[in-house]
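Notes follow the structure.
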Amino acid sequence: MLIETETTPNPATLKFLPGRPVMTAGTRDFATPEEAEASPLADALFGLGDVTGVFFGSDFVSVTAAPGVAWSDLKTDVLGLMLDHFSANMPLFNPGSAGGISVPPAEEDFTDDPADAEVIAQIRELIETRVRPAVANDGGDIVYRGFDKGKVFLQMQGACSGCPSSSATLKNGIEQLLKHYVPEVTEVRAV
């Protein structure tokens, strides 16, 4: 079995492609060792001690190294764990754990106004069809969190979370796209 690796715009994160589906539906982001206990693979990766984030996409796993850790030192161990996991066809999640789509709690809870339903539907469609595929290519994901008085709130996950270029992606890419197609959008914010 061959697992390919790709760099991401986030220098702390590498994208690993095992050549098979990882998640059949949704995505899953693990930001702490406690969250990772739901998955044998994520738990093992955090167990290396130098991993601060694991993200499962449809056909990839993004792994974020701790500050100061060189990928040249960590990559072999990560590849070894993934090879063992995928070669043995081990389950991605422990029985009884909450596998599947991850929607982590945000710092703020947003309740969309039913009067904005049409605008929100347009925003969600653009995110699903134009933004998420591009972000997935970079080893991450983006989750819609809310819309309030022209502001769209999004949550970055995987390689995009903590990426130095994520603010530019939000402001110069996603915000401009949404403003162009949905005039009601005035700003995009990360939560």
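Quick look at the values:
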{"quantity": "Which numbered condition GLU35 fails, given (1) farther than 16 Å from GLN157 by Cβ; (2) part of a helix (DSSP H, G or I); (3) at pLDDT below 95", "calculated": "(1)"}
{"quantity": "Count - residues of the stretch 137-191 that are part of a loop (DSSP other than H, G, I, E, B) and not small (Gly, Ala, Ser)", "calculated": "11"}
{"quantity": "Residues of the stretch 42-92 that turn out to be in contact (Cβ under 8 Å) with a residue 60 or more places away in the chain and in a loop (DSSP other than H, G, I, E, B), as a count", "calculated": "4"}
{"quantity": "Single residue of the stretch 20-57 satisfying the filter (of a type in the set (Gly, Ala, Ser) and more than 26 Å from ALA70 (Cβ to Cβ)) that is nearest to the chain's Cα centre (by Cα)", "calculated": "GLY26"}
{"quantity": "Residues satisfying the stated conditions in the stretch 25-41, i.e. in contact with a Leu (Cβ under 9 Å, 6 or more places away or on another chain) and in contact (Cβ under 8 Å) with a residue 24 or more places away in the chain", "calculated": "ARG28, PHE30, SER39, PRO40, LEU41"}
{"quantity": "Filtered residues of the stretch 63-114 (kept if out of contact with any Phe, Trp or Tyr (no Cβ under 7 Å at 6 or more places or on another chain), of a type in the set (A, V, I, L, M, F, W, C) and at pLDDT below 90)", "calculated": "ALA98, ILE101, VAL103, ALA106"}
{"quantity": "Selected residue (criterion: farthest from ARG28 (Cα to Cα)) from residues of the stretch 179-191 that are under 20 Å from the mean Cα position of the chain (by Cα) and surrounded by 17 or more Cβ atoms within 10 Å (Cβ to Cβ)", "calculated": "VAL188"}
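Conditions tested, residue by residue: (1) surrounded by fewer than 19 Cβ atoms within 10 Å (Cβ to Cβ); (2) touching a helix residue (DSSP H, G or I) at 6+ places or on another chain (Cβ under 8 Å).
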site: MET1; (1), (2): yes, yes
site: THR7; (1), (2): yes, no
site: THR13; (1), (2): no, no
site: GLY19; (1), (2): yes, no
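The values are calculated or read from the model by the stated rules, or taken from the named source; none is laboratory data. Everything numeric here is computed off the predicted structure, so don't read it as measured data. Counting neighbours? That spans all protein chains shown, and the Cβs are built from the backbone with ideal geometry, glycine included.
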